[in-house]
Amino acid sequence: REYAFDGGALPTQITSSGVELLGAPIGMSGVVEGQRVELQSDAARWEQASGAAAAFAADAALGPVTVRTSGRIEYDGFVWFDITLDAAEPTDISELVVDLPLHKDAASLRNMGRYRLEGTGASPETGTYFKNLDERPIFWLGNEEAGLQWFAESLRGWHVADYERTLEVTAEEDGVVARLNIIDTSTVLREPVTISFGLQATPVRPVPDEWRQWRLRPWSGPRPAYTIRPWFTQWTDLFNYPNLEHVVQERIEERQKFEAEGSQVLSYVSLSCATPLSPEFKYYGERWRQTPQSRVLADSALDPQTRIWAHTTVCADSESYRDFYLWMLSRAVNELELKGGLYFDQAVPQMCGNDAYGCRWVDAEGGEHKSFTILGTRELAKRIYVMMKGYSPDALIAHHMSGEVTMPVHGFSDIMIDGENLTGKVGVAGNYYGALPLDTFRAEYMPRQWGAVPAILPQHARSASILKGREDELYWYSSPEAKKPIDHLMGLVLVHDAMIWPAWEVRPNVVWEAQDAFGWDENVEFLPYWNNAEYVEVIAPADENVVVSAFRRPGRIMLVPMNNTDADVELRVRVETTALGLEGGGQMRLTDMYLGGEFTVEEGVVTIPMPARGFRMLVSPE
């Protein structure tokens, strides 16, 4: 990626994966003493640089207001800005905005960082929408290949009357502008005020070459390549307490057995929670814990059978907690030889109001607010990544972050476990039909625009058990009742070239076997349904929910048609064999390696009966 600072304090262009994101330079403007003014800036100067980070600063003016910007860019594309406003005498500012103008095609998707995925999906073609950044100060705008994420610890220093409009995104024919409404009401600047926020272009790194061969599976039996057990729990007798004196030896031996069989085991820990039952917590708990607490320690936590899961949320801005936890974890990784990797539950920054670290703050009107502990959580995740990869370069790190993509943190994971946030929606409906539209899937669950690989965690069985009191077996892979909703979810995963962790149900062995037979490796090229018109064209039906993605390797293709509707349809597809690099002059035989059957491409066209909410895997001969 590239960040260009051509003569100013803010980026003039940001490029990621070859995509130019900005339609115009990022700008600041406002109304000062009744006059509308634009930021006038000197060139940014680079003050310090190393292989890990570069520090910069710039002097500017907003009318009579002096603006000093300082910041740093780190090696993963994380950029942090501290913008200080100062004036020689009391000065009225009635409006202050920062505008992030993006190319229209570089902002076709949006991810608003909300747990329930509200607002995540396709960006509106025209119009304006808003978000309350005080609730969770983060959002992402991008497309299926790249994007830009904005984030902050808090809105400290902002002066707003309407928090519901702190983010204002306007889409027009020629572009999209994300406006930060930092001041929206008359404010007299009497002393310096600093506004801080960050930007990060995504993806943060290339997707690993071998990722398609990762097979996340909790059960035993024949193992395909790269079998990963991502949720190896209870290897210590207190929650997320990797103290060597609390190791459960039987579980360590079980892990070693799995590894001897060829599995890569990720030992379970947590990025933002700790046991309140450790001796250290008795002394430091009030400084470490998040306030207010999201969980209450019940009497049952003292029961020997349940105390292992007793936990409380900690504030990652606590440097002493980070140091203590890294000391414990690194000793456990080395002495227990946890070479497979680590699975971090609750791997998201928390909204915290702990006074010990200034997380609670008060605005100009006396309103109390919490801070988003993104900087402390990032530092913890970064140090863990360096420690783990230094010990075992092939180790994998998984972050369970359902619905809350936060790339300054999750850039330090290999796998992002996502989807538990859909339990309620899936439980009510019994399926993903209305819970996960195609555009929402593209904005959340695909690897290319992030770099870390999302793995969707199915919720059919869990939601049925929790919300309806029904047994998990209702949606087990062998249940006829389960086939349609499970096939629908598997189709969503396949047509987006995504990954699934079938932890609760869904044994996708047939799908994996078909992929292995095709050749599922770094030589596969994904030709997605939203950008493959030169190769594959849906002739009929004319429905945006009937789509075809293609996978190509030298001399061979796999078509994955998906019928994302409630009715059976007859699909007619034009296949451009020459453009795909195939011989046959428009004649070709395709074998369905999932549902069975053969289909013939004649004069470049194939007709395929598609079941409602179903998919096929149509493979050409070798």
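The values are calculated or read from the model by the stated rules, or taken from the named source; none is laboratory data. Because the structure is a prediction, the values reported are computed rather than measured. Note that each Cβ is placed from the backbone with ideal geometry, even for glycine, and that neighbours are counted across all protein chains shown. When the accessible area is computed, the model is the full protein with side chains, heavy atoms only, and any ligands, DNA or RNA have been set aside. Shrake-Rupley method; radii C 1.70, N 1.55, O 1.52, S 1.80 Å.
Of all the accessible heavy-atom surface of the chain, with the other protein chains kept in place and a 1.4 Å probe, what percent is carbon and sulfur? Can you show the working numbers first?
Working: 11500 of 24740 Å².
Here it works out to 47 percent.
Would you mind counting up the charge near Gln13? Only other residues with Cβ under 12 Å from its Cβ, with Lys and Arg at +1 and Asp and Glu at -1.
Here the charged neighbours net out to -2.
Based on the mean of other beta carbon atoms within 10 Å per residue, what is the order of 489-495, 411-417, 173-179, 349-355, most packed first? Intermediate results must be reported in sequence, preceding the final value.
Numbers: 489-495: 23.4, 411-417: 26.0, 173-179: 16.4, 349-355: 21.4.
Ranked by mean Cβ neighbours within 10 Å, highest first: 411-417, 489-495, 349-355, 173-179.
Subtracting the Cα-Cα distance from 0.36 nm times the residue separation, let me have the gained length for Asp92 to Ala55 in nm, one decimal.
Values: separation 37, 0.36 × 37 = 13.32 nm, distance 3.13 nm.
Full-extension gain reported as 10.2 nm.
Might you report the magnitude of the Cβ-based charge dipole of the chain about its Cα centre, with Lys and Arg at +1 and Asp and Glu at -1, to the nearest 20 debye?
Details: 55 positive and 89 negative charges, 300 e Å.
The calculated dipole for the chain is roughly 1440 debye.
Using unit Cβ charges (K, R positive; D, E negative) and no other charged atoms, how large, in debye to the nearest 20, is the dipole of the stretch 117-237 about its Cα centre? It would help to have the intermediate numbers written out before the result.
Values: 12 positive and 18 negative charges, 168 e Å.
Roughly 800 debye, rounded to the nearest 20.
Given that compact globular proteins tend to follow 2.2 N^0.38 Å, what is the ratio of the alpha-carbon Rg of the stretch 275-407 to that value? Could you put the intermediate results ahead of the total?
On the way: Rg = 16.2 Å, N = 133, 2.2 N^0.38 = 14.1 Å.
Cα-based Rg divided by the globular estimate yields 1.15.
Can you give me the distance in nm between label points at Glu337 and Lys484, each placed 7 Å from the Cα along the Cα-to-Cβ direction?
Distance between the two pseudo-spin positions: 5.1 nm.
Express the accessible area of the chain per residue in Å², computed with a 1.4 Å probe while the remaining protein chains stay in the model. Kindly include the intermediate steps, with their values, before the conclusion.
Details: 24740 Å² over 622 residues.
Per residue, the chain has 40 Å² of solvent-accessible surface.
Provide the descending list of Cα extents for the chain along its principal axes, expressed in whole angstroms.
Largest first, the chain extends 80, 62, 47 Å along its Cα principal axes.
Let me know the whole percent of all Cα-Cα pairs from the stretch 412-468 that are separated by more than 13 Å.
Numbers: 957 of 1596 pairs.
When every Cα pair of the stretch 412-468 is considered, 60 percent fall beyond 13 Å.
How much accessible area does Lys370 have with a 1.4 Å probe, in Å² rounded to the nearest 10?
80 Å²
Evaluate the relative contact order of the chain (contact order divided by residue number), counting alpha-carbon pairs under 8 angstrom at least 6 apart; express in whole percent.
It comes to 10 percent, rounded to a whole number.
Suppose the chain between Trp309 and Asp516 were pulled fully straight at 0.36 nm per residue; how much longer would it get relative to their current alpha carbon spacing?
Working: separation 207, 0.36 × 207 = 74.52 nm, distance 3.83 nm.
So the chain would gain 70.7 nm between Trp309 and Asp516.
Write down, largest first, the equivalent ellipsoid semi-axes of the stretch 1-90 in whole Å, where each equals the square root of 5 times an eigenvalue of the alpha-carbon gyration tensor. Show your work: numbers first, answer last.
Values: eigenvalues 138, 53, 16 Å².
After diagonalising the Cα gyration tensor, the semi-axes are 26, 16, 9 Å.
Between Asn545 and Arg589, what is the label-to-label distance in nm when each label sits 7 Å out along the Cα-to-Cβ direction?
Between Asn545 and Arg589, the label points sit 3.6 nm apart.
Can you run the Rg to Rh ratio on the stretch 33-140? Use alpha carbon positions and the Kirkwood inverse-distance Rh. Before the final figure, lay out each step's value.
Values: Rg = 17.6 Å, Rh = 17.1 Å.
Rounded to two decimals, Rg/Rh equals 1.03.
How big is D for the stretch 503-563, in µm² s⁻¹ as a whole number, if Stokes-Einstein is applied with the Kirkwood radius of its Cα pairs at 4 °C and 1.567 mPa s? Show your work: numbers first, answer last.
Details: Rh = 13.1 Å.
The diffusion coefficient I find is 99 µm²/s.
Let's test the formula: R0 of 45 Å, r as the Cβ-Cβ distance of Arg572 and Thr128. What FRET efficiency results, to the nearest 0.05?
On the way: r = 40 Å, r/R0 = 0.88.
After rounding, the FRET efficiency stands at 0.70.
Only four residue types carry charge here, +1 at the Cβ of Lys and Arg and -1 at the Cβ of Asp and Glu. Report the dipole size of the stretch 43-110 about the Cα centre in Debye, rounded to the nearest 20.
So the dipole magnitude of the stretch 43-110 works out to roughly 260 debye.
Would you give the gap between the C-alpha center of the stretch 361-423 and the C-alpha center of the stretch 104-118, rounded to a whole Å?
18 Å
Over the alpha carbons of the stretch 19-61, what is the largest minus smallest coordinate on each principal axis, giving the biggest first in Å?
Principal-axis extents of the stretch 19-61 (Cα, largest first): 45, 28, 13 Å.
Can you give the FRET efficiency to the nearest 0.05 for Asn509 and Trp46, using r as the Cβ-Cβ distance and R₀ = 60 Å?
On the way: r = 54 Å, r/R0 = 0.90.
Computed FRET efficiency for Asn509 and Trp46: 0.65.
In square nanometres, what is one fourth of the surface area of the convex hull spanned by the alpha carbons of the stretch 60-199?
On the way: hull surface 36.2 nm².
Across all orientations, the stretch 60-199 yields a mean hull projection of 9.1 nm².
Report, by chain and number, residues whose modeled amide H sits under 5 Å from the one on Leu396, excluding near sequence neighbours (fewer than 5 apart, same chain).
Gly341, Leu342
Using a simple spin-label model with points 7 Å from Cα along the Cα→Cβ vector, what separation in nm is obtained for Phe324 and Glu598?
6.8 nm
How long are the three semi-axes of the equivalent ellipsoid of the stretch 555-622, in whole Å, if each is the root of 5 times an eigenvalue of the C-alpha gyration tensor, listed from largest down? Before the final figure, lay out the partial values.
On the way: eigenvalues 93, 29, 18 Å².
Gyration-tensor ellipsoid for the stretch 555-622: 22, 12, 9 Å.
Mean projection of the alpha-carbon convex hull of the stretch 364-443 over all orientations, in nm²?
Details: hull surface 34.2 nm².
Result: a mean projected hull area of 8.6 nm².
To the nearest 10 square angstrom, what accessible area does Ile486 show with a 1.4 Å probe?
Rounded to the nearest 10, the figure is 20 Å².
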